[in-house]
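Participant: Below is a structure I'd like to ask you about.
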There are 2 protein chains.
Amino acid sequence: MDTLRKLVESFLADCLHDLDMPERLREAMNYSLLAGGKRLRPVLCLLCARAAAPEAKKEEVTRQALPFAAGLEMIHTYSLVHDDLPAMDDDDLRRGRPSCHKAFDEATAILAGDALLTDAFAFMTRAGLKNGLAPELVLQAIAVVAEAAGGRGMVGGQVLDMVCTGLGKTAVKGDPAMIKRLREMQALKTGALFRAACVSGGILGGGDAETLTALKLYAEGLGAAFQIVDDILDETQDSATLGKPAGSDAEEGKLTWPALTSLDYSRKLAEAEADKAITALAGLSSPEAETLRALAQKLLTRVC
Amino acid sequence: MDTLRKLVESFLADCLHDLDMPERLREAMNYSLLAGGKRLRPVLCLLCARAAAPEAKKEEVTRQALPFAAGLEMIHTYSLVHDDLPAMDDDDLRRGRPSCHKAFDEATAILAGDALLTDAFAFMTRAGLKNGLAPELVLQAIAVVAEAAGGRGMVGGQVLDMVCTGLGKTAVKGDPAMIKRLREMQALKTGALFRAACVSGGILGGGDAETLTALKLYAEGLGAAFQIVDDILDETQDSATLGKPAGSDAEEGKLTWPALTSLDYSRKLAEAEADKAITALAGLSSPEAETLRALAQKLLTRVC
């Protein structure tokens, strides 16, 4: 997994270098794209591509799918840049340093986000046009990502998040309607891109319908667990680790699992979702499937 | 051409209807997408697809390429929504009615733009996955659009536009360096998506290399003429027709052709660019090539 992360990191470090674009735009895009992070979505994509591919093809598929996987990180990055804007979450900090609109300016941050999103699709097409993957598979994988990132997915989730913000202050613990809203919002805002990363990887690796279903269920459990863990950490960790004030979600009245249930219940729920993820892969046996299972397990150690 | 425009209009009117997304997001997307306009980019795409296709395939290709063409209009629309934002051009009006962030709010406008851009790619993939066009051609066409709309194209042009704003106030008429900047900025900001519309259409229609080159040169001339005509109209038309105050570009100190040269010279330049477009199609004979030539000619009648 570290090997794949390094592969992604080194691709991202160079990927905008040779493109002919205004220097200020490149700087803003790179500022946000190269700000660190776990590169979870591209790594998931590559792991799933390898899990789905026959043994002899794993290395080739990894190399071929790399620009596609990088595109997923560009989409994730654009969403953070736009989420931080004054009109949205108005966050001055991201990963402990000034957010893009603070380091540059608001217009540049809007445009850097737009360019990251658009150029992500240019990188994704490259996997089929220059890297030798079957065009039909690449087209299917792009469709999965576009649907998961747009109005029916991540952006839709962001709209629901805005609508729900404030509700956390008055919500009654255990209110089933609020829990349903929180679940829906997180499934779209975070879950959809996790699912797209895993399913698109499986498609690019040539996975059959059964494998794709397993990867989809895995991603749904992992995405849900990831978001619950994130909610717990926001409530419990100190601000130095988070790069933002602890409990800031609660202060803003965001709907979170600890706000709607309890820390203890949230931990149990995260465990249950991680278990779902692990169980979904029961039919897959490969070093990559093992790594995917370990990833779900490791997520829990941060909060349990 | 009117038939194609109506086809596009009717596709756009329904295209978000069945998608499962938050109602407020759909409303904001539709508000901007269905605000009228000439639908020039999707119509160009369909005309070029038909011009490139064999006679017997024209109707089929039109039907197949329709969601792809609609994607181009979604990309154009998102760019207008984001350009109007307070941090960008800060325009309260668009086509004579409140711009998206005025009709809704700033966060919703940012997200509606993001969703229009992302979902455009979902619609474009559909041309290959559900409508029977060859996946390899659709992938090539998507690559052309993504490159033209991103940092190397439209978004890059918007950054240059920001950087150049204000220069128009102090620029000396005829300054070659300023004219070069203006030309570059307009080629990216407006020209790139015109070119992508024509070339992607040609690709989807199965055009050979020679046809694609002709369509590309046509689009470059048409795009340049279009932008010069727009500059002239901003200077000369009354505000009721424009939906914004006449001369507002000059007031903001934007670089425009009339500002850097003269109205008379700008008209001559528009003619020369339209001629280039018309000449580029000399090798193509079909009703659609005729329509494309007439389009370039008609553009001039608005200012000459």
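Participant: Residues of the stretch A:38-64 being surrounded by fewer than 17 Cβ atoms within 10 Å (Cβ to Cβ) and either touching a His at 6+ places or on another chain (Cβ under 9 Å) or within 16 Å of A:S286 (Cα to Cα) (or both), which ones? First the steps, then the outcome.
Facilitator: Quick first cut of the stretch A:38-64, residues surrounded by fewer than 17 Cβ atoms within 10 Å (Cβ to Cβ) only: A:38, A:54-57, A:59-60, A:63.
Listed by number, the residues that qualify are A:P54, A:E55, A:A56, A:K57, A:E59.
Participant: Another question, if that's okay. Would you confirm whether or not the stretch A:238-253 contains a residue that is at pLDDT below 85 and within 22 Å of A:A272 (Cβ to Cβ)? Can you show your working first?
Facilitator: Here is the first cut: in the stretch A:238-253, the ones at pLDDT below 85 are A:238-253.
Checking which are within 22 Å of A:A272 (Cβ to Cβ) leaves us with A:249.
Yes - at least one qualifying residue is present in the stretch A:238-253.
Participant: Oh, and also: Can you tell me how many residues within the stretch A:91-116 are facing chain B (nearest Cβ under 8 Å) and either more than 22 Å from B:A115 (Cβ to Cβ) or among the basic types (K, R) (or both)?
Facilitator: Going through the stretch A:91-116 one residue at a time, the tally reaches 1.
Participant: Moving to a separate point now. Residues to consider are A:A56, A:A51; find the one that is part of a helix (DSSP H, G or I) and either touching a strand residue (DSSP E or B) at 6+ places or on another chain (Cβ under 9 Å) or touching a residue at least 12 places away in the same chain (Cβ under 8 Å) (or both). Give the steps one after another, and end with the answer.
Facilitator: Numbers: A:A56 fails: either touching a strand residue (DSSP E or B) at 6+ places or on another chain (Cβ under 9 Å) or touching a residue at least 12 places away in the same chain (Cβ under 8 Å) (or both).
Step by step, each of A:A56, A:A51 is checked, and only A:A51 is part of a helix (DSSP H, G or I) and either touching a strand residue (DSSP E or B) at 6+ places or on another chain (Cβ under 9 Å) or touching a residue at least 12 places away in the same chain (Cβ under 8 Å) (or both).
Participant: Which residue out of A:L111, A:L46, A:L80 is assigned to a helix (DSSP H, G or I), closer than 21 Å to A:A149 by Cα and free of Cβ contacts under 8 Å to residues at least 60 places away in the same chain? Before the answer, list the steps.
Facilitator: Values: A:L111 fails: free of Cβ contacts under 8 Å to residues at least 60 places away in the same chain; A:L46 fails: free of Cβ contacts under 8 Å to residues at least 60 places away in the same chain.
The conditions single out A:L80.
Participant: Follow-up question, since we're still on this one. Taking the stretch A:117-161 as the search range and keeping residues that are facing chain B (nearest Cβ under 7 Å) and surrounded by fewer than 22 Cβ atoms within 10 Å (Cβ to Cβ), which one is farthest from A:G205 (Cα to Cα)? It would help to see each step written out before you state the result.
Facilitator: Going through the stretch A:117-161, the residues facing chain B (nearest Cβ under 7 Å) turn out to be A:117-119, A:121-122, A:125, A:128-129, A:135-136, A:138-140, A:142-143, A:146-147, A:149-152, A:155-156, A:158-160.
Subsequent filtering for residues that are surrounded by fewer than 22 Cβ atoms within 10 Å (Cβ to Cβ) retains A:129, A:135-136, A:140, A:147.
Numbers: A:L129: 16, A:P135: 13, A:E136: 12, A:Q140: 12, A:E147: 20 Å.
Checking each candidate, the answer is A:E147.
Participant: Then there's this: Please tell me if B:G206 is assigned to a loop (DSSP other than H, G, I, E, B), surrounded by fewer than 20 Cβ atoms within 10 Å (Cβ to Cβ) and away from every other protein chain (no Cβ under 14 Å).
Facilitator: yes
Participant: Could you check the stretch A:172-203 and list, in sequence order, the residues that are assigned to a loop (DSSP other than H, G, I, E, B) and β-branched (V, I, T)?
Facilitator: Within the stretch A:172-203, the first condition is being assigned to a loop (DSSP other than H, G, I, E, B), and the residues that meet it are A:172-175.
Across the stretch A:172-203, the qualifying residue is only A:V172.
For (1) acidic (D, E); (2) over 16 Å from the mean Cα position of the chain (by Cα); (3) within 13 Å of chain B (Cβ to nearest Cβ), each residue gets a yes or a no:
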{"residue": "A:L40", "(1), (2), (3)": "no, no, no"}
{"residue": "A:L47", "(1), (2), (3)": "no, no, no"}
{"residue": "A:E73", "(1), (2), (3)": "yes, no, no"}
{"residue": "A:L80", "(1), (2), (3)": "no, no, yes"}
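Participant: Here is a follow-up. Can you name every residue in the stretch B:90-108 that is buried (at least 16 other Cβ atoms within 10 Å of the Cβ), closer than 22 Å to B:K189 by Cα and touching a residue at least 40 places away in the same chain (Cβ under 8 Å)?
Facilitator: B:D91, B:R94, B:C100
Participant: Test A:A87 against the stated conditions and say whether it is buried (at least 24 other Cβ atoms within 10 Å of the Cβ) and modelled with pLDDT of 95 or more. Spell out the reasoning first.
Facilitator: On the way: buried (at least 24 other Cβ atoms within 10 Å of the Cβ): no; modelled with pLDDT of 95 or more: yes.
Here the answer is no, as A:A87 does not meet what is asked.
Participant: Right, another one. Among (1) outside any helix (DSSP H, G or I); (2) within 15 Å of B:S79 (Cα to Cα), where does B:Y31 come up short?
Facilitator: Every listed condition holds for B:Y31 apart from (1).
Participant: Let me ask you something else. So if I check each of A:M162, A:M124, which one is modelled with pLDDT under 95 and in contact with a Leu (Cβ under 9 Å, 6 or more places away or on another chain)?
Facilitator: Only one candidate passes the filter, namely A:M162.
The values are calculated or read from the model by the stated rules, or taken from the named source; none is laboratory data. Since this is a predicted model, take the numbers as computed values, not measurements. When we count neighbours, we look across all protein chains shown, and the Cβ atoms used for this are built from the backbone with ideal geometry, even at glycine.
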